[in-house]
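To keep things clear, I will list the structure first and then write my remarks on it.
Values quoted throughout were computed directly from the atomic coordinates according to the rules given, and no laboratory measurement underlies them. In this text, all values refer to a predicted model and were calculated from it rather than measured experimentally. Cβ placement follows ideal geometry from the backbone for every residue including glycine, while neighbour counts extend to all protein chains displayed.
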Amino acid sequence: MLPTFMVGWSALVILPLLIMAGYSFLQVRSYRVVYQPSFATWISLVESGRWIAIVRTLRVAFTITVIEFLLAFPFAIWLAKICRSKPLKALIVTLLTIPFFLDASSRMIVWRAILGNAGVVNTLLLHAGVIDQPIKWLLFSEFAVHFGMIGSYFPTMLFPIYLVLTLIDDEYFEASADLGASPLQTLVRITLPLALPGIVAGFVFTLVPLMAAFVEPQMLGFSVDSALRELKYPTAAALSTVVVVMLALLLLLLVAITRRRMDIASVFQAIRR
């Protein structure tokens with residue numbers, strides 16, 4: 001059963017990635033793909049500076065992921081361990097599922113109306129006399145991309161952490177306090193190690209979609225799909241291959257971190273010291 005599943009999984013996931021990587025070694029001449037293996041596409045990728053778009057995509061995706069974690073982790077602790085009202089928890093969880101039912105384009109159109117030169121923010125600031133002319137960097141900038149994506153991907157970071165925290169027995173925190181640990185020591189030595197699987201899952205579920213996002217950058221800032229629009233499929237395949245490789249390296253790093261997490265015995269030994 002397992003070998004059959006692995007073969008099917010490889011065919012559905014790995015094989016398309018390998019085909020994409022192989023496609024990056026082709027060329028386009030006169031709007032036609034020339035099926036002759038060559039490094040010309042990769043050479044042009046470096047010489048033209050398109051690799052900067054890859055680095056920028058990775059940087060923006062990783063920055064947004066870190067921001068999401070800094071916002072979601074304390075909120076997940078409050079929701080899982082501090083909030084005792086079950087109706088309130090149910091309401092919050094329900095509200096957090098709303099982004100999954102809305103089309104990304106619809107959300108971005110709203111933000112364009114708010115952040116544009118004639119949008120709500122600039123209009124209010126102009127009427128209040130705070131500024132003399134519209135703030136242009138509110139839209140079509142990295143700030144706009146960051147701002148527009150934070151709300152969309154907050155649930156993907158929050159839910160894995162929240163689910164893991166709900167599985168942690170409160171007795172661990174009580175024992176930590178009884179042994180004289182401060183709230184900060186409990187957070188660092190108890191909560192973080194035990195919640196690490198959820199944190200890693202949150203990073204994966206947030207970072208991976210961010211690396212492939214195109215609606216938000218296209219409508220609020222920059223877009224990296226120009227190669228596809230210009231029918232340069234080998235170039236697009238090369239860009240995608242580099243992104244996949246970099247993402248795989250990041251995921252391997254996250255897996256290595258989880259394997260090094262402290263177990264419960266070592267945590268309590270550290271607190272006793």
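Things worth noting here:
- Across the stretch 1-119, Cα pairs under 8 Å and at least six residues apart give a relative contact order of 9 percent.
- Quotient of the Cα radius of gyration of the stretch 86-198 and 2.2 N^0.38 Å, N being its number of residues: 1.57.
- Each residue in ARG32, ARG50 was given a count of other beta-carbon atoms within 10 angstrom of its own, and listing them fewest first yields ARG32, ARG50.
- Distant-in-sequence amide H partners of VAL28 (H built 1.01 Å from N, under 5 Å): VAL34
- Reduced Cα scattering model of the stretch 2-272, Debye log10 I(q)/I(0), q = 0.10 Å⁻¹: -0.72
- Ranked TYR35, TYR153, TYR23, criterion: other C-beta atoms within 10 Å, fewest first: TYR35, TYR23, TYR153
- Per-peptide average of other Cβ atoms within 10 Å, ordering 176-183, 139-146 highest first: 139-146, 176-183
- In terms of surrounding Cβ atoms within a 10 Å radius of their Cβ, PHE203, PHE154, PHE39 rank from fewest to most as PHE39, PHE154, PHE203.
- Ratio of Rg to Rh over the stretch 23-116 (Cα coordinates, Kirkwood Rh, two decimals): 1.23
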